[in-house]
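See structure below.
The values are calculated or read from the model by the stated rules, or taken from the named source; none is laboratory data. Please read all numbers here as calculations on a predicted model, not as lab measurements. For neighbour counting, all protein chains shown are included, and Cβ atoms are generated from backbone atoms with ideal geometry for every residue, glycine included. Side chains are part of the model used for accessible areas, which takes the heavy atoms of the whole protein and leaves out ligands, DNA and RNA. Shrake-Rupley method; radii C 1.70, N 1.55, O 1.52, S 1.80 Å.
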Amino acid sequence: MRVHHRPFASNVKSSFRPRRHPAVVCASIASSSRTGTCAYTTYHTLPDGKKLELLVQKAPQDPAAPSSSPRPPLLFVHGSYHAAWCWQENFMPYFSSRGYDTYAVSFRAQGSSDPAPPGQSVAGTLDAHAADLATLVPLVQSMSATDANANAAAADANGGSAGGGSGSGSSGRAPVLVAHSFGGLIAQKYVLGLAKPGSSSASSSSSSPPPPAPGSFPPLSGAAFLNSVPPTGNKKLVLRFMQRDFLYSMRLTWGFMARTFGKSRESCREFFFSKDLPLDKLERYRQQLAAASAVRLLDLRDMNAQVPLPPPPPHAPPAFVLGGVEDGVVDPPAVEELAAYYGVKPVLLDNMAHDSMLDTRWERAAQELENWLGTL
């Protein structure tokens, strides 16, 4: 499997020239300098040759501090009209500084991933996106394991304990999938396709592996859902919004159809952010949202034909479910539905809007996620 590397500040030219969003690059460099970790962009090649943007920010390496319980890497998954950039702003530097190797992917035709072919109006289906993740999960695990093993070898060479990994880096553990909004529905589909324990799963060892099939998806250490669409899809959500506030539901529906959030600060704030988000951040995020996706993330007709999703399998990984009380896109009943689906207690935060990884009090969401990660 080929991986194409491009440092954020690289001047190296290559034949593959993805669409770039300068604000993402600047934010990433700033985050890297704050934490002292290496942050860069790479491109993951899918079995069909398409390339996905992958942002990477590793944990600081400390060979002198071996750990008996290395942390799993985190693979962040965005929702509709977003891309990998939304995780680089806050969550990737936050978690990398706390010892987690972090990765954020842009789905097909989103962010700086390869664009959709001419005439194609959607990026893919639930199944297609889940299968794409199944090619990426083992690569993320391998990338983190390689660094951890090299770090452990350095510790041994310097008299460290044998077999110890970095105290702050990841080892060969399977990743934790951290998904937002409609990305959460894709993550739910991925969990349904997990290989049973003891059976063979998809691997990235072959140079040209076939697309993974459901039932063969590589394992996860956990699945975290932030402001996620529930397993029944968004129809019940829309109906509840119409019953509570018909005019708002019309603005929301039209806003997603016409992408008004990319043109209007007021619309962007109303749908995704709290009233007290600083104006400079709101404008920067609005610009990113406007540029993130030339085509819709999901084929909604296909999605509606698949929901409600069947129950999760017995071998589903541990789950974490978080939402915002003031979320204007995924309301608390949807969060509670998803939590019940996985048999866990939901975390509902006051004064938190839909984009919990970017909102004014994003650190509260990060802390709740961090607390749960500590139990894995």
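Data overview
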| item | result |
| --- | --- |
| Exposure of W362 as accessible area (Å², to 10), given a probe of 1.4 Å and all protein chains | 40 Å² |
| Nonlocal amide H pairs with A316, under 5 Å, H built at 1.01 Å | none |
| Within straight-line cross-link reach of K345, lysines at Cα separation under 27 Å, skipping those fewer than 8 residues along the same chain | K189, K196, K235, K236 |
| Relative contact order (%) - the stretch 233-322, alpha-carbon pairs under 8 angstrom, separation at least six | 24 percent |
| Cα-based Kirkwood hydrodynamic radius, the stretch 208-335, one decimal, Å | 17.1 Å |
| Translational diffusion coefficient (Stokes-Einstein; Kirkwood radius from C-alpha pairs) of the stretch 267-376 at 4 °C, 1.567 mPa s, in µm²/s | 82 µm²/s |
| In order through the stretch 176-190: 3J(HN,Hα) via Karplus (6.51 cos²θ - 1.76 cosθ + 1.60), integer Hz, x for Gly, Pro | 9, 8, 10, 10, 10, 6, 5, x, x, 5, 5, 5, 4, 5, 4 |
| Carbon/sulfur fraction of accessible area - the stretch 292-365, other protein chains in place, 1.4 Å, % | 55 percent |
| Eligible aspartates and glutamates near K50 by straight Cα distance, threshold 13 Å, same-chain separation 8 or greater | D114, D132 |
| Shape call, the stretch 241-294: gyration tensor on alpha carbons, a/c limit 1.5 | oblate |
| Listed peptides 120-128, 100-108, 173-181 by packing density, highest first (mean Cβ within 10 Å) | 100-108, 173-181, 120-128 |
| Packing-based order for 287-296, 217-226, using average beta carbon neighbours within 10 Å, highest first | 217-226, 287-296 |
| Summed side-chain charge close to F272 - residues other than F272 whose Cβ falls under 10 Å, Lys, Arg +1, Asp, Glu -1 | -2 |
| Residue-normalised accessible area of the stretch 283-376, expressed per residue, 1.4 Å probe, Å² | 41 Å² |
| Under 5 Å, built H, 5+ apart or other chain: amide partners of L349 | G323, G324, V325 |
| Under-5 Å amide H pairs with A39, H placed in peptide plane, nonlocal only | none |
| Packing rank of 130-142, 301-313, where each peptide gets the mean count of other beta carbons within 10 Å, highest leading | 130-142, 301-313 |
| Residue-wise HN-Hα coupling along the stretch 117-127, computed from phi with Karplus coefficients 6.51, -1.76, 1.60 (Hz; x: Gly, Pro) | x, x, x, 8, 9, 10, 6, x, 9, 3, 5 |
| Hz values of 3J(HN,Hα) by residue in the stretch 314-331 - Karplus curve (6.51, -1.76, 1.60), Gly and Pro given as x | x, 8, 4, x, x, 10, 9, 10, 9, x, x, 4, 9, 5, x, 10, 10, 7 |
| Positive-end extreme of charge dipole, the stretch 294-376 - chosen from P314, Y342, P332 (charges on Cβ) | P314 |
